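Notes to accompany the following structure.
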Amino acid sequence: DTGVSQDPRHKITKRGQNVTFRCDPISEHNRLYWYRQTLGQGPEFLTYFQNEAQLEKSRLLSDRFSAERPKGSFSTLEIQRTEQGDSAMYLCASSKGQGADTEAFFGQGTRLTVV
Amino acid sequence: SQQGEEDPQALSIQEGENATMNCSYKTSINNLQWYRQNSGRGLVHLILIRSNEREKHSGRLRVTLDTSKKSSSLLITASRAADTASYFCATNTGGFKTIFGAGTRLFVKA
């Protein structure tokens, strides 16, 4: 499968624990995005990478959230000291190109449940 | 914050009927995109329409864009049960991020 891959698909964690999610984009895609989606809502933008550079972060991304894309390939999203409000689907997407008119390909997501 | 708002929030139709979903947005855009999401799955890109375009077609899909009214519509013709999904409009206002609306939930009855 050459699509966007996310791991794990599901994560249940206790409040206060740290979690890390991984995203493997489509191999030739230079852009990578993280979104968060709660039930009944559309995805909310979290952060964006162009190659290894993190170019934009949403105000939704508190200090407990950090994302990396160290070699411009896969990316990780870490949430420290998880809270129940962090429970959501975390979606990763990638695209290719330089302009704004690019199609993003989404992974299946990681569903986080904080208990 | 979500720039786009879809209308209706939910739509139930019979197989074979047409489904129309609308999206309104607040600020000027570079492009507008429509995505489909089946229950519990990732999003699939359907179509992108640029700000200087008024209409685009892709198979049974027809998208219109009226920048003067800051609105777009997605028409699915001859709907099928497999079209049952949530449909999201997403706007790019320049820069890197695409902002999604809350979606329209379409149910097509066989």
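Computed from the coordinates by the stated procedures, all read-outs in this text should not be read as laboratory data. As the structure is a prediction and not an experimental result, all values here were calculated from the model. All Cβ positions, even for glycine, are placed from backbone atoms using ideal geometry, and neighbour counts span all protein chains on display.
What the table below lists for this structure:
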| read-out | value |
| --- | --- |
| For the range A:30-41, 3J(HN,Hα) per residue [Karplus equation, 6.51 cos²θ - 1.76 cosθ + 1.60, θ = phi - 60°, Hz, x = Gly/Pro] | 8, 9, 9, 10, 10, 10, 10, 9, 9, 4, x, 10 |
| In sequence order, calculated HN-Hα J values of the range A:98-115 (Karplus, 6.51, -1.76, 1.60; Hz; x Gly/Pro) | 10, x, 7, 8, 10, 8, 8, 10, 9, x, 6, x, 10, 8, 9, 10, 9, 10 |
| Evaluated at q = 0.16 Å⁻¹: base-10 log I(q)/I(0), Debye formula over Cα of the range B:25-110 | -0.62 |
| The protein assembly as shown - convex hull of alpha carbons, volume per residue in Å³ | 121 Å³ |
| Interchain or long-range residues, amide H under 5 Å from A:SER5's placed H | A:ASP24 |
| Cβ-placed point charges (K, R +1; D, E -1), dipole of the protein assembly as shown about Cα centre in debye, nearest 20 | 280 debye |
| Spin-label pair A:GLU83/B:ASN18, simplified geometry with 7 Å Cα→Cβ offset, distance in nm | 4.7 nm |
| HN-Hα J in Hz across the range A:65-73 - Karplus 6.51, -1.76, 1.60, θ = phi - 60°, x for Gly and Pro | 9, 9, 10, 9, 8, x, 10, x, 10 |
| Rg ratio (alpha-carbon, reference 2.2 N^0.38 Å) - the range A:52-115 | 1.25 |
| Inter-label distance for B:HIS57 and B:ASN30, nm, one decimal - labels placed 7 Å from Cα along Cα-to-Cβ | 2.9 nm |
| 10 Å-binned pair-distance histogram of chain A (Cα, whole percent) | 15, 50, 30, 6, 0 |
| Amide H within-cut-off set for A:GLN17, under 5 Å, with H built and near neighbours excluded | A:THR82 |
| Semi-axis lengths (Å, descending) of the ellipsoid that matches the C-alpha gyration tensor of the range B:4-66 | 21, 14, 13 |
| Interchain or long-range residues, amide H under 5 Å from B:THR84's placed H | B:VAL108 |
| Fluctuation leader among A:GLN54, A:GLN41, A:GLN84 - chain A, Gaussian network, Cα springs under 10 angstrom | A:GLN41 |
| Debye-sum result for the range B:32-80 in log10 I(q)/I(0), which assumes one identical scatterer on each alpha carbon, at q = 0.18, 0.21, 0.31 Å⁻¹ | -0.59, -0.76, -1.19 |
| Rounded Å value of the spacing that divides the Cα centres of the range B:20-41 and the range B:85-107 | 3 Å |
